[in-house]
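Contents: one structure, followed by commentary.
The values are calculated or read from the model by the stated rules, or taken from the named source; none is laboratory data. Remember, predicted model here, so these are calculated numbers, not experimental data. With ideal geometry, Cβ positions are generated from the backbone for all residues, glycine too; neighbour counts draw on all protein chains shown. Surface accessibility is based on the protein's heavy atoms, side chains included, excluding ligands, DNA and RNA. Shrake-Rupley method; radii C 1.70, N 1.55, O 1.52, S 1.80 Å.
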Amino acid sequence: MEKGPFSVEWLAQSSCGGAQRIATADAHQPRSPPGATDVLRCREAAERSSPGQEEEAGGSAVPGRPRTKFSAAQLQELERSFREQRYIGTSEKRRLAAVLNLTQSQIKTWFQNRRMKFKRQTQDAR
C-alpha cells in the first residue's frame, strides 16, 4: 500500500529535514529505503523529548531561553496598556520595551498571549 503525501512518515520526514540526505563515504553499503532512517531518527528524538519525560526529569519544554518572569510593575504597565489598546503599535512597543527593560519581542509575545487569555475569558463568560 502506497502512503499518501500526508502520512505520518511523510510529515516526520519533511519536518526533520529528511529530504536532505547526507551521502555516506562507502557507496557500496546497503541502504534502507529513502527516508526510513530519518523517520526513525526523528521518532526517537520525539520520544526522548515527550512531555511526560520532561516533567519527570524536571527540565523545561524548550531548551533555550528561560521563561520570562515579569515583575508586578511590568505587569501593571502591560495590563494598563492592554486596556487602552489590545493591539500594540511599533512606537508603543518600543516605548514599553525601553520603560520596562524588556525586548520588543517579549512585549509582542505578551500581547499575543494576553489577547488569547482575553478571548478565552470572554468565551467562558458566554
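Taking the criterion of being surrounded by fewer than 15 Cβ atoms within 10 Å (Cβ to Cβ) and hydrophobic (A, V, I, L, M, F, W, C), the residues of the range 103-125 that qualify are Met116, Phe118, Ala125.
Exactly one residue out of Phe118, Phe111 is within 13 Å of Phe70 (Cβ to Cβ) and either outside any loop (DSSP other than H, G, I, E, B) or among the acidic types (Asp, Glu) (or both): that is Phe111.
Restricting attention to the range 87-102, the residues that are more than 12 Å from Phe70 (Cβ to Cβ), assigned to a loop (DSSP other than H, G, I, E, B) and either among the aliphatic types (A, V, I, L, M) or open to solvent by 70 Å² or more (accessible area, probe 1.4 Å) (or both) add up to 2.
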